[in-house]
Structure formats: structure tokens, C-alpha cells
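Undergrad: My questions will all concern the structure given below.
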Amino acid sequence: MKNETAVKRDKKFSEEFKKELRRIVLELLLLSLLLIVFTGICIKEYLDKHFTHFNAERTALMEEIFDIRVDDSVKLIRYEDDSILAAIYEKLELETDNYERFMSENVNAVLEPDESCNDRSFLLYNYKDESKDLKVESQANGKYLITLTHWD
């Protein structure tokens, strides 16, 4: 009699243990699925805000954001949007052979040299009355890397 009771008890415990184990495995699978979906969404958001390929729509957006005109003398390199909620932080890198020509012919905004910049390895200009700046760096290949930054 004690043996039968012990067997029934062990069987009942075994069934309860299996049910609990199934519940835990199911929860872990659901959690894993949610993690995969969340990771996919994060990667999509990152790729939508960081790109190196520019079509006509993206180029038009860059022209609007940074108040510039893109022509054959300008090569768009990289765009990053690290904005968080209401805090805007966007950056566009482009390359040109002649930065002075780019600034006079392709920048529609009024620029002022940033006199507070002590670093002589690059030139820094601020957009007048806007929270944007333009940084010019000389590259080894004789071209210029221009970094436009917008924050708010």
C-alpha cells in the first residue's frame, strides 16, 4: 500500500513537473521571439537613420535639412541621425575638391567662422541664427571632407 501511494505521489509529481517545465519552456520561447522582434526593429531603426547610399529622395532631404545644394562637385558620404525624442542630432559627411567653391555656390545659408575654435587641423563655421555648423578637413587625397551637423 505504501508503495502504491509512493508511486502515485511520484507520478503526480512527475506530471506536475512536466507541466511546469512545459510552461517555462513556452515562456522562454515567447521571450526569445520578442527579443528577436525587438532586435529587428532596432536594426531597422538604426539603418533608417544611418546610411551611406543616397537616392534622389534622401539627397533632397539632406538639401532641406542642411540648407545646401548637391551637384556633381559634391559626393555625399554618410548621414547619421542620433536624435532622441525631442533632442535633434544629425550629421552629414560629404566630399568635394574645392571647399571654398562648395561654400560659396552650394551652401544657401549664411556662415560665420567660429573664432572660438583653437584647433588648426580643420576649419569650423556656424550657420548664422541656426543650431548647425560646418566643419572642413583636408584629406590625404587632396579632397576635403565637409561635416555638417544639426542639433537642437
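Undergrad: If I take all pairs of Cα atoms in the stretch 99-152, what percentage of them are more than 12 Å from each other?
TA: Values: 954 of 1431 pairs.
Across the stretch 99-152, Cα pairs with separations above 12 Å total 67 percent.
Undergrad: Can I ask one more? May I ask you to order 62-70, 135-143 by the average number of other C-beta atoms within 10 Å around their residues, highest value first? The partial results should precede the final answer.
TA: Numbers: 62-70: 16.6, 135-143: 12.0.
Top to bottom by mean Cβ count within 10 Å: 62-70, 135-143.
Undergrad: Gain in length, E137 to I36, computed as 0.36 nm per residue apart minus the alpha-carbon separation, to one decimal in nm? Can you show the working numbers first?
TA: Numbers: separation 101, 0.36 × 101 = 36.36 nm, distance 4.06 nm.
My answer for the length gained is 32.3 nm.
Undergrad: If I fit a long axis through the Cα atoms of helix 2-49 and take the longest principal axis of the Cα atoms of the chain, what angle between them do I get, 0 to 90°, rounded to 10?
TA: The helix 2-49 is inclined about 10 degrees to the chain.
Undergrad: Check cross-link reach from K12 to the lysines: straight Cα distance under 25 Å, and skip same-chain residues fewer than eight apart.
TA: Reachable lysines: K2.
Undergrad: Hey, which aspartates and glutamates would be in cross-link range of K143, C-alpha to C-alpha under 20 Å, not counting anything within fewer than 8 residues on its own chain?
TA: By straight Cα distance, K143 reaches D71, D72, E93, E95, D97, E100, E105, D119, D133.
Undergrad: Taking springs between alpha-carbon atoms closer than 10 angstrom, which of N106, N98, N55 fluctuates most in the Gaussian network model of the chain?
TA: Comparing N106, N98, N55 in a Gaussian network model of the chain, the most mobile one is N55.
Undergrad: Could you derive backbone 3J(HN,Hα) for the stretch 129-146 from the dihedral phi with the Karplus parameters 6.51, -1.76 and 1.60 (θ = phi - 60°), listing whole Hz in sequence and x where the residue is Gly or Pro?
TA: Values, residue by residue: 6, 9, 8, 9, 9, 10, 10, 10, 10, 7, 10, 5, 7, x, 9, 10, 9, 10 Hz.
Undergrad: Please give every one of the lysines within straight-line cross-link reach of K44, meaning a C-alpha to C-alpha distance under 21 Å, and leave out same-chain neighbours fewer than 8 residues apart.
TA: K91
Undergrad: Let me ask another. For the stretch 68-152, what does the accessible surface come to per residue with a 1.4 Å probe? Please give it in Å². Don't skip to the answer; put the middle values down first.
TA: Values: 5000 Å² over 85 residues.
Solvent-accessible surface per residue comes out at 59 Å².
Undergrad: Just V110, V74, V37 to compare: in a GNM of the chain, with alpha carbon springs under 10 Å, which one fluctuates most?
TA: Between V110, V74, V37, it is V37 that shows the largest mean-square fluctuation.
Undergrad: With the full set of protein chains in place, find how many percent of the accessible area of the stretch 1-70 is carbon and sulfur; take the probe as 1.4 Å. Kindly include the intermediate steps, with their values, before the conclusion.
TA: Details: 4140 of 6280 Å².
Summing carbon and sulfur atoms, their accessible area is 66 percent of the total for the stretch 1-70.
Undergrad: At 222 nm, what helix-only mean residue ellipticity would the chain give, in deg cm²/dmol to the nearest 500, using -39500 (n - 2.57) for each DSSP H run of four or more? Walk me through the numbers on the way to the answer.
TA: On the way: 3 runs with 66 residues, N = 152.
Dividing the helical sum by the residues of the chain leaves -15000 deg cm²/dmol.
Undergrad: While we're here: Could you please tell me the mean projected area of the C-alpha convex hull for the stretch 1-129, averaged over all directions and given in square nanometres to one decimal?
TA: Numbers: hull surface 59.8 nm².
Projected over every direction and averaged, the Cα hull of the stretch 1-129 covers 15.0 nm².
Undergrad: What are the residues whose amide H is under 5 Å from the amide H of S83, where those residues sit 5 or more places off or on another chain and H is modelled from the backbone?
TA: Amide H to amide H, under 5 Å and 5 or more residues apart or across chains, S83 pairs with Y89.
Undergrad: If Lys and Arg each add +1 and Asp and Glu each add -1, what is the summed charge of the other residues whose beta carbon sits under 15 Å from the beta carbon of D72?
TA: Details: positive: R69, K75, R101, K143; negative: E63, D71, E95, D97, E105.
So the surrounding residues net to -1.
The values are calculated or read from the model by the stated rules, or taken from the named source; none is laboratory data. Just so we're clear, the structure is a prediction, and the values are computed from it rather than from any experiment. Cβ: placed from backbone, ideal geometry, glycine included. Neighbour counts: every protein chain shown. Side chains are part of the model used for accessible areas, which takes the heavy atoms of the whole protein and leaves out ligands, DNA and RNA. Shrake-Rupley method; radii C 1.70, N 1.55, O 1.52, S 1.80 Å.
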